[in-house]
1. Considering only residues that are hydrophobic (A, V, I, L, M, F, W, C) and assigned to a helix (DSSP H, G or I), which ones fall in the range 1-38?
2. Can you tell me which residue among His36, His52 is within 13 Å of the chain's Cα centre (by Cα) and not aliphatic (A, V, I, L, M)?
3. Output the number of residues of the range 7-22 satisfying the condition of being open to solvent by 40 Å² or more (accessible area, probe 1.4 Å) and more than 14 Å from the chain's Cα centre (by Cα).
4. Among (1) in a helix (DSSP H, G or I); (2) over 10 Å from the mean Cα position of the chain (by Cα); (3) within 22 Å of Val140 (Cα to Cα), which single condition is Ser41 missing?
5. Quick one: count up the residues across the range 12-66 that are touching a Pro at 6+ places or on another chain (Cβ under 7 Å) and either closer than 23 Å to Ala77 by Cβ or of a type in the set (Gly, Ala, Ser) (or both).
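The values are calculated or read from the model by the stated rules, or taken from the named source; none is laboratory data. This structure is a prediction, so every number in the text was calculated from the model and none was measured. In this analysis, Cβ positions are derived from the backbone assuming ideal geometry, glycine residues included, and neighbour counts consider all displayed protein chains. Side chains are part of the model used for accessible areas, which takes the heavy atoms of the whole protein and leaves out ligands, DNA and RNA. Shrake-Rupley method; radii C 1.70, N 1.55, O 1.52, S 1.80 Å.
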Amino acid sequence: MRLTTKGGFALTAMIDVAMREQDGPVPLASISKRQHIARSSLELLFSKLRQHALIKATRGPGGGYTLTRRASEITVADILASVDGQPLTDTETSSGKNEPGSKGCYSTEALWASAKHHVMEFLGSVTLQSLVEDQLAKGVRVEHEPAPKRRETQPSPAALPLRVNAPNSVFAWNGVFAKR
């Protein structure tokens, strides 16, 4: 697994959603504003997070994103794997130097495999909930945003019935022309 800026942004945005979703779906525009991440970048990241069933979208006024599972069931490894791709397999860690007859030093390969294993184990043990709790312990305050204002519609005046002084059928027209 690669640790990238994209993964860091996704993790930051997911913490933001987890901290605020009790008030309802969290809009991307508000995440973008609070975290100083371009909205277009968030749209791409949230598309991948939705594909991996970590978040769900609510459309329309008052819409936004919420977690599909409890924050305690989502790990950092889940988030990073969804935006940066699946974790590396053992065959991807080698660079072709294990092939018989190839030249090179293999002494560090076991070290890197062990390091990767420990990093993956650690990232898989850190939950989104624990990161939220860390933020709250550091004194990060969650401002509750007011619900989006709904447009109040003015009651329309009662429609008056139209009075039409014309015949309402073909047969009635016959009577009009007969009188002339």
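1. Let us first name the residues in the range 1-38 that are hydrophobic (A, V, I, L, M, F, W, C), namely 1, 3, 9-11, 13-15, 17-19, 26, 28-29, 31, 37-38.
Correct list: Phe9, Ala10, Leu11, Ala13, Met14, Ile15, Val17, Ala18, Met19, Leu28, Ala29, Ile31.
2. Values: His36 fails: within 13 Å of the chain's Cα centre (by Cα).
Being within 13 Å of the chain's Cα centre (by Cα) and not aliphatic (A, V, I, L, M) holds for just one of His36, His52, which is His52.
3. Qualifying residue count for the region: 1.
4. That leaves (3) as the condition not met.
5. The number of residues fulfilling the criteria is 5.
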